[in-house]
Every structure is written in structure tokens, then in C-alpha cells.
Amino acid sequence: MELLDKLNWRYAAKAMNGEKVSEEKVDRILEAARLAPTSSGLQPFEIIVVKNQEIKEQIRPIAWNQSVITDCSHLLVFAAWDTYTEDRINYMFDLTNEIRGFKNEGWENYRQMLLNSYPQKDAEENFNHAAKQAYIAFSQAIIAAAYEGVDATPLEGFDPEAVDKILGLREKGLRSAVLLPIGYRKADEDWLVDLVKVRKPMDKLVTVVE
């Protein structure tokens, strides 16, 4: 119930007050995102944590001039791989073997299956798949922020190419997928703060097949 209470408390803050979120809370939010499930466990994305105010100022105009970009404590940029490569796939499989301390024939066969599949696909198709994985971690970060009592505002309204250029993402083989400013709400300037949360009733959302 505590988690559901937190999720009922959260909303997409439209104004933030500039107060800093403690690094301990930010670390826990990022750890929750790191622990998110992803397809084949590849984690095909990175999270860029923007604390630099000048960089935030550069991003705001190409994000519909939304004030939360500059008034947040930390701006999290979820950046997906631009494509799947042999090196990227092998890194995660080798890391798994190293951490678990053994090799498994079935796991190695699965590695080869992916190597024979993803790198041969169109880069745009691969990016779209990777971006979906980034969204899973993005959602988990939102939940973790709510649990920490931190506001988070999901943002898709921005120019990805411009953000990529500002942060130098393309040179790293990354493309921005979604933004998440985190901070604390400025209630007296936020038109959404006191409005009742509206969601579909359960019977309009969930179908049980028995």
C-alpha cells in the first residue's frame, strides 16, 4: 500500500523550485533504473545525468521552453544505443560470465543467436528496439523517484537531434530517447498540483482471460 500511496501522490510536475535532491536519493533512483529488466539483459542504453546549469539552459529552448528543464535538480537523459553491434552484445555476455563465474553452453548458444540477428538488422529498427528498453528503465526511475518523495516529469517534447548535439551523444553511438527532470514541485506556480489524478477505471483497462 505504501508504494501505491506514493504513486497516487506523484504527478508530472509542471513547475519545480530549484531545490537540490540529495545525491543519495539520486543514486537510489539511478540504481532502480539500472536494475530494470531489458530484452536479453543487454541494457542497450545509458543515462546522462545533467547537473550543469548552462547545459540545462541550452536544452530548454529545444524542449518547448519547459521551465522544469532549468528548474529541476537533475536532468536525466535516457539515451539508447544507435544500433546493436557485436562488441556491445559480447560485452554484456562476457560481463555475465565474469560475474557469475562460469560459462553455460545454452547461454553461449543464445549469444551466437543474437550475434547472428541484431547486427544484421537496420540501424533504425535496432534503435527503436533499444529505445523501448530505455523506457522500461525510465518508468522504473519514475517509480523510484515517487518512492523517494521526489518529483519527476516525463518529457518527450524535445528535439532529439539537438539534445544529441549538445551532449555529444552521436559520437558515443547513442541517441536521446526521453528526458526525466527530477526535483521538487513549486506548488504555487503549478496549475496541475491540486487537480485530481484521472486514470481509466480498472474494468476499462484490464481484461482477465480465465
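The values are calculated or read from the model by the stated rules, or taken from the named source; none is laboratory data. These numbers were taken from a predicted model, which means no experiment stands behind them. Glycine gets a Cβ as well: all are built from the backbone with ideal geometry, and neighbour counts include every protein chain shown.
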Next item on the list: May I ask you to list the residues in region 69-121 that are of a type in the set (A, V, I, L, M) and under 27 Å from GLN140 (Cα atoms)?
Entry: ILE69, LEU75, LEU76, VAL77, ALA79, ALA80, ILE89, MET92, LEU95, ILE99, LEU114
Check: Can you find even one residue in region 19-34 that is touching a residue at least 60 places away in the same chain (Cβ under 8 Å), among the polar types (S, T, N, Q) and either outside any helix (DSSP H, G or I) or surrounded by 17 or more Cβ atoms within 10 Å (Cβ to Cβ) (or both)?
Finding: no
Check: Do we have ALA12 as of a type in the set (A, V, I, L, M, F, W, C), out of contact with any Phe, Trp or Tyr (no Cβ under 7 Å at 6 or more places or on another chain) and within 13 Å of VAL150 (Cα to Cα) here?
Finding: yes
Next item on the list: Consider only pairs whose beta carbons are under 7 Å apart and that are at least six residues apart or on different chains; among these, list those whose first residue lies in region 108-131 and is touching a residue at least 12 places away in the same chain (Cβ under 8 Å) and more than 18 Å from ALA79 (Cα to Cα) and whose second residue is among the hydroxyl-bearing types (Ser, Thr, Tyr) and in a helix (DSSP H, G or I).
Entry: LEU114/SER40
Notebook entry, point to check: Is one or more of the residues making up region 86-99 closer than 30 Å to LEU180 by Cα, within 17 Å of the chain's Cα centre (by Cα) and at pLDDT 95 or above?
Noted result: no
Notebook entry, point to check: If you take the residues of region 1-18 that are more than 19 Å from the chain's Cα centre (by Cα) and aliphatic (A, V, I, L, M), which of them is surrounded by the fewest Cβ atoms within 10 Å (Cβ to Cβ)?
Noted result: MET1
Next item on the list: Give region 96-135 a look and list any residue that's among the aliphatic types (A, V, I, L, M) and surrounded by 12 or more Cβ atoms within 10 Å (Cβ to Cβ), or say none.
Entry: LEU114, LEU115, ALA123, ALA130, ALA131, ALA134
Checklist line | Close pairs from region 45-63: first in contact (Cβ under 8 Å) with a residue 40 or more places away in the chain and of a type in the set (Gly, Ala, Ser), partner surrounded by 13 or more Cβ atoms within 10 Å (Cβ to Cβ) and part of a strand (DSSP E or B), Cβ under 8 Å, at least 6 apart | finding: ALA63/LEU155; ALA63/LEU179
Margin query: Looking only at region 1-18, count every residue that is in contact (Cβ under 8 Å) with a residue 12 or more places away in the chain, of a type outside the set (Ser, Thr, Tyr) and in a loop (DSSP other than H, G, I, E, B) and tell me the total.
Written below: 7
Checklist line | Odd one out for ILE48 among (1) outside any strand (DSSP E or B); (2) closer than 25 Å to ALA146 by Cβ | finding: (1)
Check: Mind checking which residues of region 168-196 are under 16 Å from the mean Cα position of the chain (by Cα) and either outside any loop (DSSP other than H, G, I, E, B) or within 19 Å of SER73 (Cα to Cα) (or both)?
Finding: LEU174, ARG175, SER176, ALA177, VAL178, LEU179, LEU180, PRO181, ILE182, GLY183
Check: Which one is nearest to SER39 (Cα to Cα), of the residues in region 103-121 that are outside any helix (DSSP H, G or I) and modelled with pLDDT of 95 or more?
Finding: SER117
Notebook entry, point to check: So which residues in region 57-95 are surrounded by fewer than 20 Cβ atoms within 10 Å (Cβ to Cβ), assigned to a helix (DSSP H, G or I) and not hydroxyl-bearing (Ser, Thr, Tyr), if there are any at all?
Noted result: GLU57, GLN58, ARG60, PRO61, ILE62, GLU86, ASP87, ARG88, ASN90, MET92, ASP94, LEU95
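Which of the residues that make up region 100-139 are of a type in the set (A, V, I, L, M) and under 25 Å from the mean Cα position of the chain (by Cα)?
LEU114, ALA123, ALA130, ALA131, ALA134, ILE136, ALA137
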